[in-house]
Every structure is written in structure tokens, then in C-alpha cells.
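FYI, it's all coordinate maths here, none of it is from the lab. What you are looking at is a predicted structure, and each value in this text was computed from that prediction instead of being measured. Cβ coordinates were reconstructed from backbone atoms using ideal geometry, including for glycine residues, and neighbour counts include every protein chain displayed.
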């Protein structure tokens, strides 16, 4: 799987660990920066870069990190076809994919540690969308909201 990973300066330390873990899991890492915790980086820039990779089908999934994960999630969700959510528990990271076809996991670099992040990422990347009728119906309603917003 191709996984676009990006962060702002607040998510840098955790991103380095997450990117290594994703590669160790056998996935291709698409590094979108930032590459230093010492340079202030605004999360919308990095979130947009990851979201574009998803939108253009150049990445299968994305992982974004900022201080809380919230800003990255808000920014990424502005692009069509992106379903990003902050998940700091394993149930949500897995169920978000299975029920909602979440394709971008957002994590708070100032909220969680590397051990939990690795478990969240593993659950997120191992999960697949469950094509039960109710999940497909709900996903189509979400996509309809996107179409109507234009």
C-alpha cells in the first residue's frame, strides 16, 4: 500500500517513528515533510499535499500528524474524496475504515506516544472497508454531500 505521511513541526518527532513503522510493515512511504522540528510549518499545507495524493490516487491512504491531529483533519477533509479523522484509540482507527471508508488517519503528536501510534497505524492500515449495504449507503450519502458542496 502507498501511504502518504506528512506533519507540521509539532508532529515531526512522532512522524519519524510512524514512517519507520509503516515501512517496517511493508508499505511504501510517501514522505510529504516536514523534515525538521525546528522550522515552523503550517498544517494546512502538509494536509493538502497528502489529501491531493489521495484525491489523485497517487496514495492509497494517508497519515497526518500535527499537535492535536484536529487541524490536519479539518484541512484534509476540504478536498474531495478525503475522509480524514483524528483517532487516538484503536477501535476508531479500525472502525473508521471498516464502516466509513476513512482514508486518512490524523494523530496528535502532542497527545499520544509512539507505542500507541504504531498500534493505531497498524490497525488503520490492516483494516478494509466492509461493503455491507448500510455502510455503502451511508458512504454514498457522504459522497453526495461532497457533490452538493460544489
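So for the pair residue 98, residue 145, with labels modelled 7 Å out along Cα→Cβ, what separation do we get in nm?
Modelled inter-label distance: 2.2 nm.
How far is helix 43-55 tilted, in degrees, relative to the longest principal axis of the Cα atoms in the chain, given as a value from 0 to 90 rounded to the nearest 10?
With both axes taken from Cα atoms, the answer is about 50 degrees.
When Rg and Dmax of the Cα atoms in Å is calculated directly from the model, which label among (1) 18.9, 64; (2) 14.3, 48; (3) 14.0, 39 fits?
Correct label, based on the coordinates given: (2).
Which distance in nm do the two modelled labels at residue 134 and residue 56 give, with both placed 7 Å along the Cα-to-Cβ direction?
About 3.9 nm separates the two model spin labels.
If each DSSP helix of 4+ residues adds -39,500 (n - 2.57) and the sum is divided by the residues in the chain, what number results at 222 nm, nearest 500 deg cm²/dmol?
Here the helix-only value at 222 nm equals -15000 deg cm²/dmol.
Give me log10 I(q)/I(0) at q = 0.32 Å⁻¹ for the range 103-148, Debye formula, one equal scatterer per alpha-carbon, no solvent.
So the normalised log intensities work out to -1.10.
Within 10 Å, count the other beta carbons around each residue, average over each peptide in 121-131, 2-12, 78-88, and list them highest first.
Numbers: 121-131: 17.1, 2-12: 24.9, 78-88: 18.7.
Those peptides, ordered most packed to least, come out 2-12, 78-88, 121-131.
Hey, what angle do you get for helix 12-24 against the long axis of the chain, alpha-carbon based, 0 to 90 degrees rounded to 10?
For 12-24 against the chain, the angle is about 70 degrees.
Could you work out how far helix 114-126 tilts from the main Cα principal axis of the chain, as a 0 to 90 degree angle to the nearest 10?
For 114-126 against the chain, the angle is about 30 degrees.
Going by Cα centres, the range 102-116 and the range 7-24 are how many Å apart?
After rounding, the separation between the Cα centres reads 9 Å.
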